[in-house]
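Take a look at the structure below.
The values are calculated or read from the model by the stated rules, or taken from the named source; none is laboratory data. Keep in mind it's a predicted model, so treat the numbers as computed, not measured. So basically every Cβ, Gly included, is an ideal-geometry build from the backbone, and we count neighbours across all protein chains shown. These accessible areas exclude ligands, DNA and RNA; they are computed on the full protein's heavy atoms, side chains included. Shrake-Rupley method; radii C 1.70, N 1.55, O 1.52, S 1.80 Å.
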Protein chains: 2
Amino acid sequence: MANKSGQKKVVLASGVFDLLHLGHVKFLEEAKNAGGPYAQLVVVVARDSTVEKTKGRKPIMPEDQRCSLVESLRVVDKAVLGYENLDIGEVVKNIKPDVIALGYDQEDMMKQVLDYVNKNKLDDQIVRIGKFGEKPLDSSSGIKKKIIDKRERLSYAESKFGQSQ
Amino acid sequence: MANKSGQKKVVLASGVFDLLHLGHVKFLEEAKNAGGPYAQLVVVVARDSTVEKTKGRKPIMPEDQRCSLVESLRVVDKAVLGYENLDIGEVVKNIKPDVIALGYDQEDMMKQVLDYVNKNKLDDQIVRIGKFGEKPLDSSSGIKKKIIDKRERLSYAESKFGQSQ
């Protein structure tokens, strides 16, 4: 499956990818699948400053480590850090994707992408990737919650029995 | 670089791989390098029960998710779950590695491997992989500490100022 110029399709996906888990990998695999068997997957990893601006807190893992870890996944052909000002138009202009894949929780990004694509009369295919199951550890916040819960149970045990479990 | 029978060298590495981070990836890359450019890297991922027995607590991520995530790394050719009884001899007998790679913190495993290899007069190459830098987030416990510290600072701010930061 190739684009109009006969080249392999380029798929663009983006995200924070803090505390890498299987949900991230499944999202990226599904995104790449949307570009056909020979697709190239380029992933834009959100800057710490962008995450702080949009979510009110920095990720646990710094941006360079999140980006390198994403690039070490077999499914990913290239991972780059996003732009400080979160301008998805700039990203699309530079990467020139054939397919733009968006996760179930990327509502705002979806609006920005649609606006940009319509305004510039581009024929990029936009695909929405669903959520995979409902496992609590398929999300960064679920992992953080489990770590904190374990710590709190340990602190409680220490305060009650004077020693760790 | 091939083994005596002219085949690609098989490198065996093992670990828990809880909260996957760049330190894990660097360890696996270095392990694979030890087998030459065409090496196949097989990774044995420790069972939850084995980790509980040796470290006194289960990992945050369950064994099937840790194993699948390790296998989704480009550097890894195959990832399998370990044996319940932690018998490294059984692992070596089944996988028949040319090279056994051990991390800087796998002291006990090192002794078991050396005992097994010497006892069975095997000519496996055993390589020790050093620690990469001293970044606090290049370890699962460092990541857990950061998550707990952030949570505690937030709880303190909430109790002092009646709202979250």
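For the residues A:Lys53, A:Lys58, the requirement of being without any contact (Cβ under 8 Å) to a residue 40 or more places away in the chain and not in a helix (DSSP H, G or I) singles out A:Lys58.
If the condition is being charged (D, E, K, R) and crowded, with 18+ Cβ neighbours inside 10 Å, then region A:49-64 contributes only A:Glu63.
Scanning region A:101-136 for residues that are open to solvent by 30 Å² or more (accessible area, probe 1.4 Å) and among the β-branched types (Val, Ile, Thr) yields a total of 1.
Residues that are facing chain A (nearest Cβ under 9 Å), open to solvent by 60 Å² or more (accessible area, probe 1.4 Å) and either touching a residue at least 40 places away in the same chain (Cβ under 8 Å) or not in a helix (DSSP H, G or I) (or both) within region B:65-78 comprise just one, B:Arg74. If you go through region B:101-126 and keep only what is in a loop (DSSP other than H, G, I, E, B) and of a type in the set (S, T, N, Q), you end up with B:Gln106, B:Asn120.
Anything in region A:137-165 that is modelled with pLDDT under 80 and open to solvent by 100 Å² or more (accessible area, probe 1.4 Å)? List them, or say none. Those that are modelled with pLDDT under 80 and open to solvent by 100 Å² or more (accessible area, probe 1.4 Å): A:Arg153, A:Tyr156, A:Lys160, A:Phe161, A:Gln163, A:Gln165.
Condition check: over 20 Å from B:His21 (Cβ atoms), more than 11 Å from the chain's Cα centre (by Cα) and more than 13 Å from chain B (Cβ to nearest Cβ). Does A:Asp87 satisfy that? Yes. Residue count for region A:16-25 under the criterion of being touching a strand residue (DSSP E or B) at 6+ places or on another chain (Cβ under 8 Å) and at positive phi: the result is 1.
Is at least one residue of region A:79-100 closer than 25 Å to B:Leu154 by Cβ, touching a helix residue (DSSP H, G or I) at 6+ places or on another chain (Cβ under 9 Å), open to solvent by less than 30 Å² (accessible area, probe 1.4 Å) and part of a loop (DSSP other than H, G, I, E, B)? No, every residue in region A:79-100 fails to be closer than 25 Å to B:Leu154 by Cβ, touching a helix residue (DSSP H, G or I) at 6+ places or on another chain (Cβ under 9 Å), open to solvent by less than 30 Å² (accessible area, probe 1.4 Å) and part of a loop (DSSP other than H, G, I, E, B).
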